[in-house]
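The values are calculated or read from the model by the stated rules, or taken from the named source; none is laboratory data. This structure is a prediction, so every number in the text was calculated from the model and none was measured. FYI the Cβ positions are ideal-geometry reconstructions off the backbone, even for glycines, and counts take in every protein chain you see. The protein model used for the area step is the full one, side chains on, heavy atoms only, and it has no ligands, DNA or RNA in it. Shrake-Rupley method; radii C 1.70, N 1.55, O 1.52, S 1.80 Å.
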Amino acid sequence: MLTRRLARHRAATLIAGAAGLALLAPLAVTADATEATHGQAQDSSGSETVILVPGADTPAERTEVARTGVDVLHMDQDGLAVRATDRQVAELRARGFMPQRHQPVSIAAPPPVDDAYHAYEEMTAVLSDTAAEHPDITELTSVGTSYEGRDLPLITISDNPAQDSAEPAEPEVLFTCTMHAREHLTSEMCLRIVTRFTSEYGTGPEVTELVNERAIHVLPMVNPDGAAYDVSGERYKGWRKSRMPHYWGSVGTDLNRNWAYNWGCCGGSSGYPRSNTYRGPEPFSDPETRVIAEFVNSRVVDGQQRIAAHVDFHSYGELVLWPFGFTAADTPDGMTEEEYQRFVDVGTAMADTNGYEPMQSSDFYITDGTVNDWMWGEHDILSFTFEMYPSGGGIDGFYPPGSVIEKETARNDAAVDLLLREAG
Ligand code: 0X9
Ligand code: ZN
């Protein structure tokens, strides 16, 4: 252990020297009791503290970093970029890491600059217009309401949108977006799927065939409260979680740590409400995860789960990730060799089309209570996470200019089509 720490320290010093970065001076630990208990900034308007952690080169080391409750942004050859509080930086140092201040990044643009993005009401308007224009191949419903009472709209696209009457049953595929509030590019991804599979129906042969032979469920905003909050001020807030309040005045659950499969099992989420990876007080504590799970449960018809495949779009990192996240093992209970190989094959084939990097999610770092683990563990749904553009950056990586939307969502067209075909 000592050797590893020393090696890590040496590597950090070398990298810091090479990059011309100053190692952080020892940080004062705040006396504030809540902050001292794995604090995470609640409202991050203005400049952010993004830290580079060199020497987190293995899944185990990255998991050790994530365990402090920091918000992992991305990894590259220099180390792991995380958003951390002073307290978490101190804890990283105590664990033998040598965190460096990675350019403090301020969130550049105030929301009105990026008119190309669809805010919640604009997203619901697109869905209503699409459903009105294409009544024969769409069904627009809501799976339930968010904590603050917003509908979670779901649009189903199929030549037979009222699926239970389809004969024979068509394989169903679910796409979910914006589980993390600030990952706005992903709502655009879901909207592109909606627009493409409706506007090209009857003219594009591939689209027409897929709409005829599949049911495509799209849920463009899993976390509308968080997304609305993120764009509600003068500047983006860098908000990730839901808006459900917890004790100590903390707000927000990490919805991607709130799913019931092995919830909170393995150090892949935080038990502290102020952490950005807070798992919530119990599995499905938040209405957003609960109502989506109920919808998925409701797709078990005659004892058979109709949904065969799922993608949960996130940003950023340009990765294709598959379960399990809760364990470093490839094939723990709940995943056979053959099933694992299917994830590898389909994940790699999709990554070949978009240029993302494919991997098992725990090869990045351990996470528990994620949607992918639940979808597979509970329902045997072939469930992936896509981390969209860009491949690296700080907090500003969550806010690419509207000019990239077309290219970076079109980049996933072939992967989406491939998964729809695989769902057969
Ligand atoms: O940590 C997450 O929930 C996802 N990354 S994000 O930066 N969008 O927050 C990744 C979930 C997939 N699982 C693992 N990476 N282990
Ligand atoms: Zn995310």
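A few notes on this one:
- Fraction of accessible area attributable to carbon and sulfur, the range 243-345 (%, probe 1.4 Å): 46 percent
- Computed about its Cα centre, the charge dipole of the range 120-422 is approximately 1200 debye, with only Lys, Arg, Asp and Glu carrying charge at their Cβ.
- In terms of the mean number of neighbouring beta-carbon atoms within 10 Å, the peptides 66-76, 349-359, 147-157, 129-139 order highest first as 66-76, 147-157, 349-359, 129-139.
- Cα convex hull volume per residue for the range 355-424 (Å³): 118 Å³
- Taking Arg342, Arg299 and ordering them by how much accessible surface each has at a 1.4 Å probe, largest first, produces Arg342, Arg299.
- The fraction of accessible area contributed by carbon and sulfur in the range 161-231 is 53 percent, rounded to a whole number (1.4 Å probe; ligands and nucleic acids excluded).
- Mean Cβ count within 10 Å, highest first, over the residues of peptides 197-206, 264-273: 264-273, 197-206
- Å² per residue, accessible surface of the range 120-422 at 1.4 Å: 34 Å²
- The Kirkwood hydrodynamic radius of the range 129-179, based on inverse pair distances between different Cα atoms, is 12.4 Å.
- Once the mean of 1/r is taken over each pair of separate Cα atoms and inverted, the range 120-422 shows a Kirkwood hydrodynamic radius of 19.2 Å.
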